[in-house]
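Data first, discussion second: the structure below is written as structure tokens.
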Amino acid sequence: MIQPVTMPKWGLSMERGRITDWFVAEGDEVRTGDDLADIDTDKINGTLESPGDGVLRRVIAAAGEEVPVGGTIALLAEATTADEELDEAATKAREEIDAGAVEAPEGPVTGTVEVNKRTLAYATMGTEGDVVVLVHGYGGDKNSWLFVQEPLSRTRIVHALDLPRHGDSTKDVGDGSLDTLADAVLGFLDARGIVKAHLVGHSLGGAVVTAAAAKAPGRIEKLTLVAPAGFGTAVNAGYLRGFATATTRRELKPHLGALFADPDLVTRQLADDLLRYKRRDGVDQVLGTLLDTLLDGNAQAIDAAPLLSEVDIPTTTIWGRQDAVLPPGNADVYVENAGHMVHLEAPGAVIAAITG
């Protein structure tokens, strides 16, 4: 059996990706989840993981090459698979890339639901299996899960949700309280007819899903908290206030450096995307309102730990060792060489925490 390795579709807008580096060579044996190559997208660099077990028998697209989403860039097979079969498959894949005749895979299916008179946007991947709901952090959106959602969707139904007044969700954020945000998540479950789900939350989203679990423990299968807010008092208040008030790329970019262990991930495109979001009507007011939820002076205002102690739900916490926004607290998994956006810098570790 020959298994193609294709250019993934990470996010709604991705149409092409450039292979910046291969970590494996022809003849190397790989396992599911092993790092295969670095891919440069229009948003951020990501690492493509192996979709299965086998031997990397053919590399079709070289480092430095740009390939349409869905294009076959390598072939996995057993060591006993005949060279003739592999050559035929590789030739066909190469011809499709050169002719621009690649059939792009289906990306996330987007939609909206009405919850408490607010419109919440979401993106869904996967058609069968357990339900996972991904909840972003302060100032983020559903696209922050681009490297996590697609791999998870191979065996699960995965919804990435925009919290009120984030991403493509509309209306106000109300009082911006943890209760209001938790009710939005539970309302999403109701609107989609989801009886029970595995909730995954990053940063503020971690506190939000914890509060949702405390409100409705029977609805939650499992919690995965990624660098969660509300577990300790220490916080980089300067980052939060700087992000909220920045109006230009020059003002915003230094604050974005706090998000990653690797400063090269703070790209012009990332800054521009965030500025476009911040310039939407009402966003500045929402970010200011949420600051009151997040901060008490220069300390965290949220205390989610007591909420977690009230429920008996399997919980895994994962933190980047170099987190400069929320200093690593008690975690089940610590990821080296990763900062606050650990799900972008080390998505494989986050996926393992979710599926473990």
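The table below gives the values:
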read-out	value
Contacts under 8 angstrom Cβ, first residue in the stretch 313-336 being within 23 Å of residue 237 (Cβ to Cβ), partner among the basic types (Lys, Arg), 6 or more apart	328/321
Matching residues in the stretch 125-144 - criterion: being modelled with pLDDT of 95 or more and among the hydrophobic types (A, V, I, L, M, F, W, C)	131, 132, 133, 134, 135
Entirely in the stretch 1-59, the strands (runs of 3 or more DSSP E) that have 2 or more residues that are aliphatic (A, V, I, L, M), open to solvent by less than 40 Å² (accessible area, probe 1.4 Å) and farther than 25 Å from residue 260 by Cα	54-59
All positions within the stretch 210-245 that are of a type in the set (S, T, N, Q), assigned to a helix (DSSP H, G or I) and under 21 Å from the mean Cα position of the chain (by Cα)	210
Selected residue [among the hydrophobic types (A, V, I, L, M, F, W, C) and touching a Phe, Trp or Tyr at 6+ places or on another chain (Cβ under 7 Å)] from 204, 199, 225	204
Test: residue in the stretch 246-268 that is assigned to a helix (DSSP H, G or I), open to solvent by less than 10 Å² (accessible area, probe 1.4 Å) and at pLDDT 95 or above	no
Sole residue being surrounded by 14 or more Cβ atoms within 10 Å (Cβ to Cβ), acidic (Asp, Glu) and more than 21 Å from the chain's Cα centre (by Cα), chosen from 103, 96, 114	96
Any hit, the stretch 340-350, residues being at pLDDT 95 or above and assigned to a loop (DSSP other than H, G, I, E, B)	yes
Candidates 311, 325 - the one that is open to solvent by 20 Å² or more (accessible area, probe 1.4 Å), among the hydrophobic types (A, V, I, L, M, F, W, C) and in a loop (DSSP other than H, G, I, E, B)	311
Selection status of residue 127, assigned to a loop (DSSP other than H, G, I, E, B) and within 18 Å of residue 198 (Cα to Cα)	yes
Condition met for residue 155 (more than 21 Å from residue 187 (Cα to Cα) and open to solvent by 10 Å² or more (accessible area, probe 1.4 Å))	yes
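The values are calculated or read from the model by the stated rules, or taken from the named source; none is laboratory data. All of these numbers come straight from a predicted model, not from anything done at the bench. With ideal geometry, Cβ positions are generated from the backbone for all residues, glycine too; neighbour counts draw on all protein chains shown. All accessible areas refer to the heavy atoms of the entire protein, side chains included, with ligands and DNA or RNA removed. Shrake-Rupley method; radii C 1.70, N 1.55, O 1.52, S 1.80 Å.
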